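To keep things clear, I will list the structure first and then write my remarks on it.
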Amino acid sequence: MTIILGIESSCDETGVGLVRLRTDGTLELLADEVASSVEQHARFGGVVPEVASRAHLEAMVPITKRAFETAGLELSDVDAIAVTCGPGLAGALLVGVSAAKAYAAALNVPLYGVNHLPGHVAADTLQHGPLPSPCLALLVSGGHTQLLQVDDLAGKITEIGSTIDDAAGEAYDKVARILGLPYPGGPPIDQAAKRGNPNAIRFPRGLTGPRDAKFDFSFSGLKTAVARWVENHERDGRAIPVDDVAASFQEAVADVLTAKAVRAAGELGIGTVVISGGVAANSRLSSLAAQRCAEAGIELRVPRPRLCTDNGAMIAALGAQLVAAGVRPSSLDLSTDPALPVNTVSV
Ligand code: KG4
Ligand code: ZN
């Protein structure tokens with residue numbers, strides 16, 4: 001049995017996770033500690049990189065201690081360390097990578113610099129076990145919206161489509177701002193939408209025309225449509241039906257994401273769809289995906305919300321895949337790459 005320590009610091013969450021890789025290749029989640037600096041960014045409506053970096057620096061050691069306490073383990077129990085080395089905010093990534101290097105050198109264990117994006121997909125293995133090969137991952141977060149064919153989480157990932165402008169989570173955050181809801185916008189829009197009518201306003205479904213790229217996404221037109229709709233209403237002196245706008249916006253996002261994922265799985269002959277990343281915590285996205293996947297005879301896997309948003313356990317889970325596959329560890333002079341491409345799983 002092998003204990004893997006995972007460290008995540010690519011955005012505004014400091015995450016430290018501990019995972020046990022059993023001899024049969026399955027994983028046991030031992031600890032998943034997260035400290036978020038989200039409240040420090042709220043008044044700016046987005047993450048402030050310098051503020052995030054400083055918060056990581058302050059949280060890293062206490063959060064690591066807490067993870068070992070939760071797991072009932074000592075530092076000396078660790079067999080390998082995985083750390084997010086990209087993509088993400090340069091300064092934020094540096095804090096996690098520096099901490100991971102220090103632990104790896106002090107404990108004399110292998111270090112794996114890993115990609116945050118496949119990390120989100122790996123999160124699902126902590127809840128639902130090993131992924132079938134191939135599977136189709138719909139990765140929806142604050143910074144990314146991608147469809148990925150995952151043949152092997154430890155190495156073979158191919159991008160099928162991605163957003164040409166805003167990420168899905170970014171659209172949530174911007175629309176929340178337009179509606180006067182707090183940052184990050186996903187959770188309050190999800191809540192407001194439950195009280196609203198999803199068919200109240202027909203917002204545009206980006207890139208769904210016959211000549212559009214089949215598996216790419218676009219959310220900036222949707223965001224602008226919501227802004228125009230709200231402006232027109234305000235100009236006429238009418239109150240904004242926030243719940244209906246939230247529900248109608250959310251319906252447009254969930255509709256496009258699920259339609260493209262199901263279509264891609266069908267065309268590629270893939271039987272399993274995994275949805276991960278912060279927006280996977282969205283209640284309408286998962287319910288519509290469940291309905292459409294069931295109709296198409298596709299298995300759907302969505303990790304619980306806590307595993308969808310950024311955390312260290314998902315990085316430990318990806319590290320476990322690399323250890324199990326016998327992938328060569330990174331060198332101790334590993335650097336960060338804020339623009340690491342999704343098909344580079346480890347460096
Ligand atoms: O994966 P994540 O935690 O961080 C990134 O790597 O970006 O995703 C954060 C994003 C934010 O844009 C947030 O608004 C969105 O995930 N989000 C949601 C929900 N919870 C978080 N979006 C829609 N519905 C939710 N329930
Ligand atoms: Zn993320």
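Data overview
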| read-out | value |
| --- | --- |
| Karplus 3J(HN,Hα) series, Hz, for the range 285-294 with 6.51 cos²θ - 1.76 cosθ + 1.60 (x for Gly, Pro) | 4, 6, 6, 5, 5, 4, 5, 6, 5, 4 |
| Acute angle (nearest 10 degrees) that the helix 168-178 long axis makes with the longest principal axis of the chain, alpha-carbon atoms | 50 degrees |
| Relative contact order, percent, the range 89-247 [alpha-carbon distance under 8 Å, six or more residues apart] | 18 percent |
| FRET E, pair E299, E39, Förster distance 30 Å, beta-carbon r, rounded to 0.05 | 0.20 |
| For the range 11-19, 3J(HN,Hα) per residue [Karplus equation, 6.51 cos²θ - 1.76 cosθ + 1.60, θ = phi - 60°, Hz, x = Gly/Pro] | 9, 10, 10, 8, x, 10, x, 10, 10 |
| Computed lengthening from A102 to L332, 0.36 nm per intervening residue step minus Cα-Cα distance | 81.9 nm |
| Semi-axis lengths, Å, the range 148-304, gyration tensor of Cα atoms, sqrt of 5 times eigenvalues | 29, 16, 14 |
| Fraction of antiparallel bridges per DSSP, the chain only, in percent to nearest 5 | 65 percent |
| Dipole moment magnitude, nearest 20 debye, the chain about Cα centre, only Lys, Arg, Asp, Glu C-beta charged | 640 debye |
| Cβ-Cβ FRET estimate between R202 and E58, R0 fixed at 51 Å, reported to 0.05 | 0.65 |
| Count of Lys pairs (Cα-Cα under 23 Å; at least 8 positions apart or interchain) in the chain | 10 |
| Residue-span extension gain [H233 to A325] - 0.36 nm each, minus C-alpha spacing | 27.5 nm |
| Relative contact order, percent, the range 161-282 [alpha-carbon distance under 8 Å, six or more residues apart] | 33 percent |
| Amide H within-cut-off set for L30, under 5 Å, with H built and near neighbours excluded | L18, V19, R20 |
| Point-to-point label distance, A290-E50, nm (Cα→Cβ direction, 7 Å offset) | 4.6 nm |
| Tail beyond 19 Å, pair distance distribution of the range 1-82 (Cα, percent) | 42 percent |
| Stokes-Einstein D for the range 234-347, Kirkwood Rh over Cα pairs, 37 °C, 0.692 mPa s (µm²/s) | 190 µm²/s |
| Space enclosed by the convex hull of the alpha-carbon atoms of the chain, per residue, Å³ | 124 Å³ |
| ³J(HN,Hα) computed for each position of the range 47-62 - Karplus, 6.51 cos²θ - 1.76 cosθ + 1.60, integer Hz, glycine/proline x | 6, 9, x, 5, 5, 5, 4, 5, 5, 4, 4, 6, 8, 3, 5, x |
| Additional length obtainable on full extension of the chain from T26 to H128, 0.36 nm per residue less Cα span | 35.7 nm |
| Equivalent-ellipsoid semi-axes of the range 89-226, from the Cα gyration tensor, Å, largest first | 33, 21, 15 |
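Bear in mind these aren't lab numbers, they're just calculated from the coordinates by the rules spelled out. Note that the structure is predicted; figures quoted are calculated from it, not measured. All Cβ positions, glycine included, derive from the backbone under ideal geometry; neighbour counts span all protein chains shown.
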